[in-house]
Amino acid sequence: MTEELLKVVDINKTFAGVWALRGVSLTINRGEILCLVGENGSGKSTLIKIICGVYQQDSGEIYINGKQYKNLQPIDAIREGIQVIFQDFSLFPNLTVAENIALNHELARGKSFVNWRDINEIARQALDRIGVDLPLNATVDEMSVANKQLIAISRAMLLNARLVIMDEPTTALTQKEVEALFRVVKSLQEAGVSILFVSHKLNEVQAIAERVIIVRNGSKVLDTAAGELTQHKIAYYMTGHEVTSSTYDYQPQANGQESLLSVHNLTRTGSFEDISFNLKAGEILGVTGLLGSGRTELALALFGIKPADSGDIIIKGQPVRIRNIQDAIRHNIGYVPEDRLTEGLFLLQSITNNIVVRTLKDILNQFGLFSSSDKSKQARRWVDSLHIKTSDPQLPVSSLSGGNQQRVVIAKWLASMPHILILNGPTVGVDIGSKSEIHEVIRELARNGMGIIVISDDIPELTQVCNRILLLRRGRLYEEFVVSEIDEVTLNNKLLEIVI
């Protein structure tokens, strides 16, 4: 017989008169893995914050371990064993692994003095509990994203967690790291811990969930056993409509034009070596590989952030040197980074300012002043053409969902009309509906003659968007594929070859 750990009934929440949650109810049983699924802006984060006491519901009931809370506070949730691992992990980057894991535990016990031997022993036991071995004296800023997540989980378990809420836990993880995380999640379940796994990655939902709740526009639209769902059905309930996927049919120009970009024996010591490829106008070239393959370093070299040490870069038949970002921009190369929040956007600035920042010199009037009307006109053009969902382009870009923020980063570069666009993880952290729309934007740009490079470890994305794919291994070009001649299974098997 199952035993309820958490029950929320008919939760309603509004912000400035806008519904964030409307009549949402759910239960989580002890030792259950429940996936909460929904598009960006669907209400998932609001529901999490209500469950852990950060937000107060406008109406509705919350029961934890059979006890009703009318005004749940964060300390109440913690005492009841609810721990949330947010996307930023809430770790101290300048402290060691042991300190991050054990100090909260010692403070909760009322300790006034630090016994470093105890700190290390507590941390070691916490890591052992989830079957992980990490260097206790290393600072957290030295750790990979996957290891930071394991540190956060270990810390949660020290605080007698009965329910661990994981908010988009696989956003920045490779497939191998995702599989390792799932093994940890299963071990927590075996120890009787409940897991609320928040995600919009459909394959992961199917792989880890026992039960799935889908929310859309603040309302619960489905609550069912995971075995009852297909990826197609999940996508339908998330978006409210059929989500179709198509592939990119590259049609080379009849005149057999020269390559837009040619790279010969490009090398950056310690990152990649002897990389050669061609990119023609209208092509979408995918680049993939495991963590450490050199895929991102290649993108950074082409954009001048971390220039190559040797090799040749030829653009439209002319040899060029890309020593810095200015060189890349001068040669009409644009770059959309994977981390849009810290590298691609000015979060407190308006959507308009973020879009026009690359082309400010083009909107000066005859007196050398910015033309507000031209600025607004240019921003509105890209808001409309990229279907950026906003009530007002003058709102801060932080007001947008992840998918719409990504479109703003793309719009920023499109406004400057690059000939070559490099997209690093173009749909990381983006829900299924926005992902499909961004893919179509990429295809349309290529149809209009732009050369595009997509860096990604999302195999379905690469096979749907690209016409060719380069597979890197340890900094070298391992194999090249024509997408029309392979499928996802083949490409996944090639990645497994590399691992083995």
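The values are calculated or read from the model by the stated rules, or taken from the named source; none is laboratory data. Small disclaimer: the values here were computed from a predicted structure and weren't measured. When we count neighbours, we look across all protein chains shown, and the Cβ atoms used for this are built from the backbone with ideal geometry, even at glycine.
Here is how the numbers come out for the structure above:
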{"read-out": "Residue tally, condition surrounded by fewer than 20 Cβ atoms within 10 Å (Cβ to Cβ) and in a helix (DSSP H, G or I), over the range 186-201", "value": "4"}
{"read-out": "Residue list for the range 209-233, restricted to those being in a helix (DSSP H, G or I) and either buried (at least 23 other Cβ atoms within 10 Å of the Cβ) or in contact with a strand residue (DSSP E or B) (Cβ under 6 Å, 6 or more places away or on another chain) (or both)", "value": "Ala226"}
{"read-out": "Near pairs, Cβ below 6 angstrom, 6+ apart or cross-chain, from the range 335-361 (in the same structural domain as Thr288 (by TED's automatic domain parsing)) to any residue that is surrounded by fewer than 18 Cβ atoms within 10 Å (Cβ to Cβ) and assigned to a helix (DSSP H, G or I)", "value": "Pro337/Glu343; Leu347/Ser398"}
{"read-out": "Only one of Gly294, Gly317, Gly311 that is at positive phi, over 24 Å from the mean Cα position of the chain (by Cα) and surrounded by 13 or more Cβ atoms within 10 Å (Cβ to Cβ)", "value": "Gly311"}
{"read-out": "Checking Ser90 against (1) under 15 Å from Ala156 (Cβ atoms); (2) crowded, with 17+ Cβ neighbours inside 10 Å; (3) among the hydroxyl-bearing types (Ser, Thr, Tyr), the condition it does not meet", "value": "(2)"}
{"read-out": "Index of the failed condition, Ile438 passing every other in (1) closer than 10 Å to Gly403 by Cβ; (2) surrounded by fewer than 20 Cβ atoms within 10 Å (Cβ to Cβ)", "value": "(2)"}
{"read-out": "Count of the range 444-490 residues which are in contact with a strand residue (DSSP E or B) (Cβ under 9 Å, 6 or more places away or on another chain), of a type in the set (Ser, Thr, Tyr) and loosely packed, with under 14 Cβ neighbours inside 10 Å", "value": "1"}
{"read-out": "The range 59-81, residues that are in contact (Cβ under 8 Å) with a residue 12 or more places away in the chain, loosely packed, with under 13 Cβ neighbours inside 10 Å and either in a loop (DSSP other than H, G, I, E, B) or hydroxyl-bearing (Ser, Thr, Tyr) (or both)", "value": "Ser59, Gly66, Asn71"}
{"read-out": "Verdict on Val243 being among the hydrophobic types (A, V, I, L, M, F, W, C), at pLDDT 90 or above and either surrounded by 10 or more Cβ atoms within 10 Å (Cβ to Cβ) or not assigned by TED's automatic domain parsing to the domain that holds Ile420 (or both)", "value": "no"}
{"read-out": "Where Ala123 falls short, out of the listed (1) closer than 16 Å to Leu91 by Cβ; (2) in a loop (DSSP other than H, G, I, E, B)", "value": "(2)"}
{"read-out": "Condition met for Ile50 (touching a strand residue (DSSP E or B) at 6+ places or on another chain (Cβ under 8 Å), at pLDDT 90 or above and part of a strand (DSSP E or B))", "value": "no"}
{"read-out": "Where a residue in the range 25-47 is not assigned by TED's automatic domain parsing to the domain that holds Thr230 and surrounded by 24 or more Cβ atoms within 10 Å (Cβ to Cβ) and its partner, wherever it lies, is in a loop (DSSP other than H, G, I, E, B) and basic (Lys, Arg), with Cβ under 9 Å and at least six apart", "value": "none"}
{"read-out": "Odd one out for Ser154 among (1) closer than 28 Å to Phe15 by Cβ; (2) in contact (Cβ under 8 Å) with a residue 12 or more places away in the chain; (3) of a type in the set (Ser, Thr, Tyr)", "value": "(1)"}
{"read-out": "Those residues of the range 140-177 which are over 16 Å from Phe89 (Cβ atoms) and either assigned to a helix (DSSP H, G or I) or assigned by TED's automatic domain parsing to the domain that holds Val428 (or both), in sequence order", "value": "Gln175, Lys176"}
{"read-out": "Condition check for Tyr236: more than 23 Å from the chain's Cα centre (by Cα), crowded, with 17+ Cβ neighbours inside 10 Å and either part of a helix (DSSP H, G or I) or outside the structural domain of Asn100 (by TED's automatic domain parsing) (or both)", "value": "no"}
{"read-out": "Selection status of Ile82, touching a Lys or Arg at 6+ places or on another chain (Cβ under 8 Å), outside the structural domain of Asp339 (by TED's automatic domain parsing) and of a type in the set (A, V, I, L, M, F, W, C)", "value": "yes"}
